[in-house]
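Asker: What follows is a structure written as structure tokens; I'll ask about it next.
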Amino acid sequence: METTASPSVSPVEQRLAQLHGADTALLAPSAVAAVSAALLALSNPGGHVIASRYAHGPVGDFLRDGLPRMGREVTFVDCADLDEVAAAIRPTTQVVFAESLSRPLMLPCPVNDLAPLAQTNDLLLVVDNTALSPALLRPLDLGAAVVVEDCGPYLDGHGDLNTGLVAGPRRLMHQIKAQAAPGGAGIDPWSGRLLDRSLDTLGLRMTTIQANADRVAVALRDCPAVTAVHRPSFDEHPWALETHDGFGGLLAFETELPAAEVAALVQAVNGDATTREAMSTLALVPAATTHAALSERQREAMGAHRGLISIAVGIEDPGPLIRRLTRALDRAHSVHAAVDGRRTPIGTEKR
């Protein structure tokens with residue numbers, strides 16, 4: 001689908017539209033501004049929205065609190081479960097909001113199956129594609145009505161900006177732009193140049209980041225202290241061979257180690273960093289950071305257990321990271337096993 005120039009669309013927005021196969025695109029001041037503009041424009045007061053139960057952070061807050069305050073009802077489901085989505089549809093349902101890859105368990109959504117379900121029921125499918133970027137998945141090609149993204153993780157590879165993106169057909173984007181206009185939209189020309197510069201290397205960066213994340217996941221699967229690794233693959237999701245070019249740089253793993261040891265593992269990955277530098281690796285415990293504002297019940301429903309560590313793998317050589325992390329895991333496992341052994345009564349078999 002070709003994108004024609006428009007006086008109200010900046011050059012970088014035109015380029016982003018082309019990357020997504022959209023008619024046009026809009027840059028918003030933040031990811032939540034992009035999501036809110038899209039969902040408010042595509043639904044009415046009294047309408048119903050079906051949303052991914054894994055949405056978190058400011059976007060999740062808007063879905064759980066902001067939309068209901070603005071007169072929309074919201075039902076949270078696992079959007080990868082088509083039966084659950086279908087069961088949630090009401091006569092007042094207008095929009096389905098899904099994530100192409102949900103966190104913290106890295107669950108891919110079959111957009112190619114979800115889109116026909118939405119279309120059959122006259123619903124608009126909005127897909128948050130932040131975790132994959134158009135380099136790995138183009139939801140509009142699979143039948144989504146609109147795509148939204150946080151530009152921070154991948155589109156803005158240099159970490160210069162805090163912007164969100166909405167892209168789609170003109171007939172819907174006209175409504176979305178009108179909704180976004182009072183709160184301000186677009187970015188200044190210099191910021192546009194910075195973002196445009198990052199897009200030059202998007203494909204190269206995503207190829208490297210994805211390969212690095214795969215290497216880290218393979219190494220973690222061999223660690224005795226790790227009880228589960230959450231990293232999508234084409235073996236587990238063969239349907240994605242026809243839709244995806246990969247699964248990005250996110251992964252998560254679970255351990256039953258004490259909280260202090262979990263913190264030490266995060267330190268082994270991050271060093272002295274507390275925030276992610278552009279294109280670098282960062283680990284965190286979702287239960288204590290991105291999902292901390294949720295209740296214990298909500299975190300458990302999402303899989304954000306206290307022993308779950310999420311890693312956003314960067315572009316740097318993963319070898320040193322793998323060595324630091326596996327050494328820390330092996331050391332913690334040895335100490336923990338020794339302590340458990342001392343606590344096990346003689347003649348009693350450990351479970």
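The values are calculated or read from the model by the stated rules, or taken from the named source; none is laboratory data. Quick caveat, the model's predicted, so the values are computed rather than measured. All Cβ positions, even for glycine, are placed from backbone atoms using ideal geometry, and neighbour counts span all protein chains on display. Keep in mind that these areas ignore ligands, DNA and RNA; they rest on the heavy atoms of the full protein, side chains included. Shrake-Rupley method; radii C 1.70, N 1.55, O 1.52, S 1.80 Å.
Asker: Being closer than 25 Å to A268 by Cβ, hydroxyl-bearing (S, T, Y) and either part of a helix (DSSP H, G or I) or free of Cβ contacts under 8 Å to residues at least 24 places away in the same chain (or both) is the filter here, so list the residues in the range 285-307 that pass it.
Answerer: Correct list: T289 only.
Asker: Within 14 Å of the chain's Cα centre (by Cα) and hydroxyl-bearing (S, T, Y) - does that describe any residue in the range 146-163? Please lay out each step first, then the result.
Answerer: Going residue by residue through the range 146-163, those that are within 14 Å of the chain's Cα centre (by Cα) are 147-155.
Cutting the leftovers down to hydroxyl-bearing (S, T, Y) gives us 154.
For the range 146-163, residues within 14 Å of the chain's Cα centre (by Cα) and hydroxyl-bearing (S, T, Y): present.
Asker: If I filter the range 187-198 for residues that are modelled with pLDDT of 95 or more and out of contact with any strand residue (DSSP E or B) (no Cβ under 7 Å at 6 or more places or on another chain), do I get at least one hit?
Answerer: Of the residues in the range 187-198, the ones modelled with pLDDT of 95 or more are none.
So far as the range 187-198 goes, no, none of its residues is modelled with pLDDT of 95 or more and out of contact with any strand residue (DSSP E or B) (no Cβ under 7 Å at 6 or more places or on another chain).
Asker: Right, next: For residues that are touching a residue at least 24 places away in the same chain (Cβ under 8 Å) and among the charged types (D, E, K, R), scanning just the range 44-80, find the one that is nearest to R297 (Cα to Cα).
Answerer: Per the stated criteria, the residue is R53.
Asker: How many residues, within the range 310-329, are in contact (Cβ under 8 Å) with a residue 12 or more places away in the chain, open to solvent by 70 Å² or more (accessible area, probe 1.4 Å) and either of a type in the set (S, T, Y) or assigned to a helix (DSSP H, G or I) (or both)?
Answerer: Here the count works out to 2.
Asker: Looking at (1) modelled with pLDDT under 95; (2) open to solvent by less than 10 Å² (accessible area, probe 1.4 Å); (3) of a type outside the set (V, I, T), which one does E149 not meet, given that it meets all the others?
Answerer: Against the list (1) modelled with pLDDT under 95; (2) open to solvent by less than 10 Å² (accessible area, probe 1.4 Å); (3) of a type outside the set (V, I, T), E149 comes up short only on (1).
Asker: Additional query: Given the structure, is A86 touching a helix residue (DSSP H, G or I) at 6+ places or on another chain (Cβ under 9 Å), assigned to a helix (DSSP H, G or I) and under 21 Å from M173 (Cβ atoms)? Talk me through it step by step, then tell me what you get.
Answerer: Numbers: touching a helix residue (DSSP H, G or I) at 6+ places or on another chain (Cβ under 9 Å): yes; assigned to a helix (DSSP H, G or I): yes; under 21 Å from M173 (Cβ atoms): no.
No; evaluated as a whole, the condition is false for this residue.
Asker: With the requirement that a residue be open to solvent by 20 Å² or more (accessible area, probe 1.4 Å) and either in contact with a strand residue (DSSP E or B) (Cβ under 9 Å, 6 or more places away or on another chain) or over 12 Å from A287 (Cβ atoms) (or both), what does the range 297-309 give you?
Answerer: R297, A301, H305
Asker: Could you say which residue among G157, G249, G183 is at negative phi, at pLDDT below 95 and crowded, with 18+ Cβ neighbours inside 10 Å? Don't jump to the end; show me each part of the working.
Answerer: Details: G249 fails: at pLDDT below 95; G183 fails: crowded, with 18+ Cβ neighbours inside 10 Å.
The conditions single out G157.
Asker: Can I ask one more? Among the candidates V262, V269, V218, V285, which residue alone is β-branched (V, I, T) and out of contact with any strand residue (DSSP E or B) (no Cβ under 7 Å at 6 or more places or on another chain)? Break it down stepwise before answering.
Answerer: On the way: V262 fails: out of contact with any strand residue (DSSP E or B) (no Cβ under 7 Å at 6 or more places or on another chain); V269 fails: out of contact with any strand residue (DSSP E or B) (no Cβ under 7 Å at 6 or more places or on another chain); V285 fails: out of contact with any strand residue (DSSP E or B) (no Cβ under 7 Å at 6 or more places or on another chain).
Exactly one residue qualifies, and that residue is V218.
Asker: Return the residues of the range 31-68 that are surrounded by fewer than 17 Cβ atoms within 10 Å (Cβ to Cβ) and outside any helix (DSSP H, G or I); say none if nothing qualifies.
Answerer: The answer is N44, P45, G46.
Asker: Could you please find all residues in the range 221-239 being closer than 17 Å to A211 by Cβ and not in a loop (DSSP other than H, G, I, E, B)? Full working, then the answer.
Answerer: Filtering the range 221-239 down to residues closer than 17 Å to A211 by Cβ leaves 221, 229, 231-235.
Selection gives R221, V229.
Asker: Determine which member of the set R193, R197, R171, R215 is over 30 Å from L42 (Cβ atoms), free of Cβ contacts under 8 Å to residues at least 60 places away in the same chain, of a type outside the set (A, V, I, L, M, F, W, C) and open to solvent by 50 Å² or more (accessible area, probe 1.4 Å). I'd like the intermediate steps shown before the answer.
Answerer: Values: R193 fails: free of Cβ contacts under 8 Å to residues at least 60 places away in the same chain; R171 fails: over 30 Å from L42 (Cβ atoms); R215 fails: free of Cβ contacts under 8 Å to residues at least 60 places away in the same chain.
Unique residue meeting the criteria: R197.
Asker: Could you count how many residues in the range 252-279 are at pLDDT below 90, buried (at least 17 other Cβ atoms within 10 Å of the Cβ) and not in a helix (DSSP H, G or I)?
Answerer: The number of residues fulfilling the criteria is 2.
Asker: Let me ask you something else. Yes or no: D160 within 17 Å of A31 (Cα to Cα) and among the acidic types (D, E)? Don't jump to the end; show me each part of the working.
Answerer: Working: within 17 Å of A31 (Cα to Cα): yes; among the acidic types (D, E): yes.
Spelling it out, D160 is indeed within 17 Å of A31 (Cα to Cα) and among the acidic types (D, E).
Asker: Go through the range 92-121 and report how many residues are free of Cβ contacts under 8 Å to residues at least 12 places away in the same chain and closer than 16 Å to A51 by Cα. Spell out how you get there, then give the answer.
Answerer: Looking only at the range 92-121, we keep the residues that are free of Cβ contacts under 8 Å to residues at least 12 places away in the same chain, and these are 120.
Now narrow it down to the ones that are closer than 16 Å to A51 by Cα: none.
The number of residues fulfilling the criteria is 0.
Asker: Further question: Exactly one condition in (1) surrounded by fewer than 24 Cβ atoms within 10 Å (Cβ to Cβ); (2) at pLDDT below 95 is not met by R103; state its number.
Answerer: (1)
Asker: Can you confirm whether V147 is within 19 Å of A37 (Cα to Cα), touching a Pro at 6+ places or on another chain (Cβ under 7 Å) and touching a residue at least 60 places away in the same chain (Cβ under 8 Å)?
Answerer: Details: within 19 Å of A37 (Cα to Cα): yes; touching a Pro at 6+ places or on another chain (Cβ under 7 Å): yes; touching a residue at least 60 places away in the same chain (Cβ under 8 Å): yes.
Taking the combined requirement at face value, the residue satisfies it.
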